[in-house]
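The block underneath contains the structure these notes are about, expressed in structure tokens.
The values are calculated or read from the model by the stated rules, or taken from the named source; none is laboratory data. Small disclaimer: the values here were computed from a predicted structure and weren't measured. We place every Cβ from the backbone using ideal geometry, glycine too, and count neighbours over all the protein chains shown.
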Amino acid sequence: MFTRFVAPRLGWAIATIVLSTVLVFSAMQALPGDAATQILGQNATPEAVATLRRQLGLDQAPVARFVTWLGHALTGNFGTSLVSGQAVGPEVGRALLNTSFLAGVTILVGFSLAMVLGLVAGLFRDRWPDALISTVALVGMSVPEFIVATLLVLAFSITIPLFPAVVVAGQNATIGQLLPSMPLPALSLMFVAAAYIIRMMRTSVIDVMESDFVHTARLKGITTGRLVIRHVVPSAVLPTLNVVAMNIAWLIGGVVVVESIFNYPGMGSLMIRSVQSRDLPTILLITVIGAVTFVACNLLADLAATFLNPRLRYPRNSK
Amino acid sequence: MTATQSEHLAIDIQNLDVAYMAGTRQVNVLQGVNLALRPGEVLGLVGESGSGKSTLAGILLASLRTSSFIARGTVHVAGADVFKLKGKGLRDFRASQVALVPQNAGAALTPTMRIADQLAEAFRSDDASTATRAARRSRAIELLRLVRLPNPAAALDKYPHQFSGGQQQRIGIAMALAARPAILVLDEPTTGLDVVTQAAILDTLSRLHAELGMAMVLVSHDLGVIDKMCTHVAVLRQGKVVESGPTKDVLAHPSHPYTRGLLASVPRINAPGIPPSLDDAVIDAYERGETLPAAESAVYERTAPVGTPPVLTVRGLTVDYNRKPHGAPTVLDVDLDVHAGEIVALVGESGSGKSTIANVIAGLQGTKAGVLTLDGETELAATVPRRAKAVRRAIQIIFQNADTSLNPRQTVRDAVNRPLRLFGIRGSSVEAALADVDLPGSFAQRLPGQLSGGQRQRVGIARAVAAGPSLVLADEIVSALDVSVQSSILRLMDRLAREKDLGFLFITHDLAVVRAIADRVVVLYLGRIVEEGTVDEIFGSISHPYTRLLLDAVIELGDDHASAPAPGQDEVPDGPPEQGCPFASRCPLVMDVCRTVRPPVVPVSATHSIRCHAPLNNLRLDLAESATGLV
Ligand SMILES: Nc1ncnc2c1ncn2[C@@H]1O[C@H](COP(=O)(O)OP(=O)(O)OP(=O)(O)O)[C@@H](O)[C@H]1O
Ligand code: SF4
Ligand SMILES: [Mg+2]
């Protein structure tokens, strides 16, 4: 089990995480300016910049700095923010909590809804519920999230003032304070991510509905409800799982855009601020968290597929 | 017939037309069908592919393809007017009166549900004997025992993929019986299964019918199966019942030329030669009320070439799919010769390694050991890229499934032209290659979708032969074809072998086809040769116990002697044993020595050899019967 299933994936996971930090680190080197110039502003003297650089350790060679960072990171020490001088952990942690909450709501509500909608579309293939759902999904796939967000704001906070257009609670708001402004960012994320899941689920339901085993089960005279739940759904969900995992990973990116539009105090906003201030330790920690999430989602999808698919759970020759 | 009469019938179909719309035109799939079946009778539906057999079978369960509709007529099954049933009424009808055993149980069982749950679903909701969970379990076990599934209790908690094809079919039958239906519909229940498994399943079905007495409808293209199983038969052609009646009468005195043609085109293991194929012109004329003289009606007997040089020599071929160092190799120590103009058959059940050997010869599969020689001089490199162009040209392969091996968007011309261009063959043309396989040159413009199954297989052959090979590997090329098309392809093979001195390695599991076409036969079991000889020797009186099992399992038209294998004998082990005789686990003659020592090659004649520890005398047909008690 370990050597066949876990070991190769673990190696791949570690490689993904390390590689992404290397990429982000290099990209930051390529940007003009660094934390010292950003903190001191345009009018700073070269001497002042050089001094601050020395204090921040930015005067060393990039490779040496990355190796030092990696060494510390492996022991769980992700350094201090170049801007606030505080350890990066707590600040990123707070942002992570907020983002997880937003993503959690999106995934729980949006993705399950998407699966159900995909199922309905597949079952009512080429009739009006399918036409409606498929059109919505198509729109969701072709419109970028910032437009969706803008339209939602126009509709639900300007035309019908139901929800606030942006979060005003500030950086240190508690989840409770954030709750009222949650619906619009969550909806924007759902709309776009759900589209792919709906399409995939629909296609896979249609395939399964045409299979011999569904035909046979129907001829047994069982009810449609039972047919769908016991015979269709388990087989139809399997190919959809990978799309779900990909979408969770995609959420990481979508979150950045949506959070900054709504001024939501999560990882996305923090990322953008940190890039502006060239706060490398914060950026790297966010990168690590993003990469770990991505890897974990894929691993979970694989595990879920194994769990749901009897062919993988019980290989032919096992007794 | 009046309504009261139809209540006494299990099935009563009157003037039935089933159709679908092609644009504004109505196309009939079934036309003017009248059928009646009394309780307890067994009706066989026979006809060629596309004749409407499955459509008719589906109708009995009120099931139609989505675009089809009933254009005319009535269908009463178990007293119910099936196409008047809706919603709950329809569900109840399907759940209690009539059940279907689908063609391919492997695909027809839900892969994500345990067997126990799938069986339980089929129990009637009003059946008090299955009210509790424990009761359902014990009834499920009882059903699986009824269909002779080994170890029924353990089977309940398994998933479909954990069973072999034959076992899946047994589960499919058990599921159909779960509701104690009055009528059981079986759509090709044994097509695609090995002969031994087929014999075992049919035997189970006969026994169930005797015990439970339900009416059965059995769809099959195999007249032998119909003959063995059915009290009545209806012969379908192009959606019409051309002839029906008690099986023995219809098969002994067929009145319609189509039935006569079908019967004549069945190859037999007890008689050599290629049977004649159907002549559609004669049948169409008869349908119009005219008579045409029947064309060729004689069986054609092929003669083996004598003293021709070898085109392929295989020595000590061993293939090992095992990843780990232990475990017996999949194919072990296979020796094989094919001479110019000779047709050598490689026979064995599924999983015996037939296709693996073909792939090795074609250079598509690596080996662990063995030497392959072409034309007695060129040693063959293991893989295609390392083979010279001339070698690649000399060995051509024709695949089982002509549908998938031809590119649907490529015309016949493109497909046949490819080898001509690839090997730079001058002095030949696509038209000439098509003429070689008896297709008119005009077919070059067509796409595969515009060809029938037999025509597609001819294009596949034309493509292989156009390269000008000396050896053709033919992997199950007639298995998917109707018998009458089959014989025309066999005749074509015979002619090509003679005219072009082609050597054929013909892979098949169908012994009747082997008898019709092969010069020599190699019998393979779990990747080991167990017997080889000329076709007459293999079908003669001294046989390896495995060959005997295969021969006994063949269900022949008009032959009541086909014997069912003993319980458990239809189950092929997962892989060959590491030592001893591969057949030891199923052999009725097994001795202690068989489990440890590899059987020696025992020569019976200069051309016939058997690998077995048993004395040859015990392998004689007459003695073997009394020794094994199989019959
Ligand atoms: N709704 C439909 N639309 C188009 N063609 C149809 C439709 N229903 C049936 N057919 C055609 O009618 C013919 C009869 O079909 P059917 O499946 O009953 O044949 P069959 O005798 O069972 O053949 P096989 O032996 O190949 O299983 C076929 O040519 C099939 O393609
Ligand atoms: S060697 Fe033994 S087990 Fe094998 S076929 Fe002969 S008698 Fe049977
Ligand atoms: Mg059919």
Determine which member of the set B:SER605, B:SER585 is more than 16 Å from ligand 1 (Cβ to nearest atom), in contact (Cβ under 8 Å) with a residue 24 or more places away in the chain, in a loop (DSSP other than H, G, I, E, B) and of a type in the set (Gly, Ala, Ser).
-> B:SER605
Please note which helices (runs of 4 or more DSSP H) are completely contained in segment B:159-245 and include at least 1 residues that are buried (at least 22 other Cβ atoms within 10 Å of the Cβ) and in contact with a Phe, Trp or Tyr (Cβ under 7 Å, 6 or more places away or on another chain).
-> B:165-177
Looking across segment B:156-171 at residues that are among the hydrophobic types (A, V, I, L, M, F, W, C) and more than 13 Å from B:PRO573 (Cα to Cα), the single one that is nearest to the other protein chains (Cβ to nearest Cβ) is B:ILE171
Please identify the pairs in which a residue from segment A:228-251 that is free of Cβ contacts under 8 Å to residues at least 24 places away in the same chain has its Cβ atom under 6 Å from the Cβ atom of a residue that is of a type outside the set (A, V, I, L, M), counting only partners at least 6 apart or on another chain.
-> A:HIS231/B:THR110
Give B:VAL233, B:VAL196, B:VAL185, B:VAL219 a once-over and let me know the one that is farther than 22 Å from B:PRO275 by Cα, within 14 Å of another protein chain (Cβ to nearest Cβ) and within 22 Å of the chain's Cα centre (by Cα).
-> B:VAL185
Kindly provide the set of residues from segment A:201-248 that are more than 10 Å from chain B (Cβ to nearest Cβ), out of contact with any Ser or Thr (no Cβ under 7 Å at 6 or more places or on another chain) and closer than 30 Å to A:SER20 by Cα, ordered by number.
-> A:LEU241, A:ASN242, A:VAL243, A:VAL244, A:ALA245, A:MET246, A:ASN247, A:ILE248
Odd one out for B:ALA36 among (1) within 14 Å of chain A (Cβ to nearest Cβ); (2) free of Cβ contacts under 8 Å to residues at least 40 places away in the same chain | (1)
Considering every residue within segment B:193-203, establish whether at least one is in contact with a strand residue (DSSP E or B) (Cβ under 9 Å, 6 or more places away or on another chain), outside the structural domain of B:GLN118 (by TED's automatic domain parsing) and either among the charged types (D, E, K, R) or within 16 Å of ligand 1 (Cβ to nearest atom) (or both).
-> no
In the set B:ASN15, B:ASN28, which member is touching a residue at least 24 places away in the same chain (Cβ under 8 Å), closer than 25 Å to B:GLU243 by Cβ, touching an Asp or Glu at 6+ places or on another chain (Cβ under 6 Å) and outside any helix (DSSP H, G or I)?
-> B:ASN28
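Would you call B:LEU43 in contact with a His (Cβ under 7 Å, 6 or more places away or on another chain) and either modelled with pLDDT of 90 or more or of a type in the set (A, V, I, L, M) (or both)?
Considered against the rule, which asks whether it is in contact with a His (Cβ under 7 Å, 6 or more places away or on another chain) and either modelled with pLDDT of 90 or more or of a type in the set (A, V, I, L, M) (or both), B:LEU43 comes out as yes.
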Report, by residue number, each residue of segment B:487-528 that is surrounded by fewer than 24 Cβ atoms within 10 Å (Cβ to Cβ) and among the polar types (S, T, N, Q).
-> B:SER488, B:THR508
For segment B:578-613, enumerate the residues that are in contact with a helix residue (DSSP H, G or I) (Cβ under 8 Å, 6 or more places away or on another chain), under 15 Å from B:GLY527 (Cβ atoms) and surrounded by fewer than 17 Cβ atoms within 10 Å (Cβ to Cβ).
-> B:GLN579
Unique match (being more than 16 Å from ligand 1 (Cβ to nearest atom), within 15 Å of the chain's Cα centre (by Cα) and closer than 21 Å to B:SER277 by Cβ) among B:LEU511, B:LEU496, B:LEU490 = B:LEU511
Index of the failed condition, B:ARG114 passing every other in (1) within 24 Å of B:LEU56 (Cβ to Cβ); (2) within 31 Å of the chain's Cα centre (by Cα) = (1)
Which of the residues spanning segment B:152-200 are away from ligand 3 (no atom under 16 Å from the Cβ) and among the hydroxyl-bearing types (Ser, Thr, Tyr)?
-> B:TYR159, B:SER164, B:THR197
Can B:VAL485 be described as closer than 30 Å to B:ARG260 by Cβ, hydrophobic (A, V, I, L, M, F, W, C) and within 16 Å of ligand 1 (Cβ to nearest atom)?
-> yes
When segment B:118-150 is checked residue by residue, the ones that are part of a helix (DSSP H, G or I), surrounded by fewer than 16 Cβ atoms within 10 Å (Cβ to Cβ) and more than 28 Å from the chain's Cα centre (by Cα) are B:ALA128, B:SER129, B:ARG133, B:ALA134, B:ALA135, B:SER138, B:GLU142
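Residues checked against (1) surrounded by fewer than 19 Cβ atoms within 10 Å (Cβ to Cβ); (2) in contact with a Gly (Cβ under 8 Å, 6 or more places away or on another chain):
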site	(1), (2)
A:LYS220	no, no
A:HIS231	no, no
A:VAL237	no, no
A:ILE248	no, no
A:VAL258	no, yes
A:ILE272	yes, no
A:PRO281	no, yes
A:CYS297	no, no
A:TYR314	yes, no
Return the only residue of B:LEU380, B:LEU372, B:LEU420 being more than 31 Å from the chain's Cα centre (by Cα) and closer than 23 Å to B:ASP333 by Cα.
-> B:LEU380
Quick count over segment B:64-81, residues being within 12 Å of another protein chain (Cβ to nearest Cβ) and either within 13 Å of ligand 3 (Cβ to nearest atom) or among the β-branched types (Val, Ile, Thr) (or both), is 2
B:PRO267 being under 21 Å from the mean Cα position of the chain (by Cα) and part of a loop (DSSP other than H, G, I, E, B) = yes
Of (1) away from every other protein chain (no Cβ under 13 Å); (2) buried (at least 16 other Cβ atoms within 10 Å of the Cβ); (3) among the acidic types (Asp, Glu), B:ASP92 satisfies every one except (1)
Picking from B:VAL217, B:VAL241, B:VAL185, B:VAL195, which residue would you name as being out of contact with any Ser or Thr (no Cβ under 8 Å at 6 or more places or on another chain), closer than 28 Å to B:GLY348 by Cβ and touching a residue at least 60 places away in the same chain (Cβ under 8 Å)?
-> B:VAL195
Within segment B:56-68, how many residues turn out to be at pLDDT 90 or above and either within 12 Å of ligand 1 (Cβ to nearest atom) or more than 25 Å from B:ALA182 (Cα to Cα) (or both)?
-> 4
Tell me, yes or no, whether segment B:103-110 has at least one residue that is within 26 Å of B:ILE226 (Cβ to Cβ), surrounded by 16 or more Cβ atoms within 10 Å (Cβ to Cβ), more than 16 Å from ligand 1 (Cβ to nearest atom) and away from chain A (no Cβ under 14 Å).
-> no
When every residue in segment B:55-104 that is farther than 16 Å from B:GLN31 by Cβ and among the polar types (S, T, N, Q) is compared, the one nearest to ligand 2 (Cβ to nearest atom) is B:ASN104
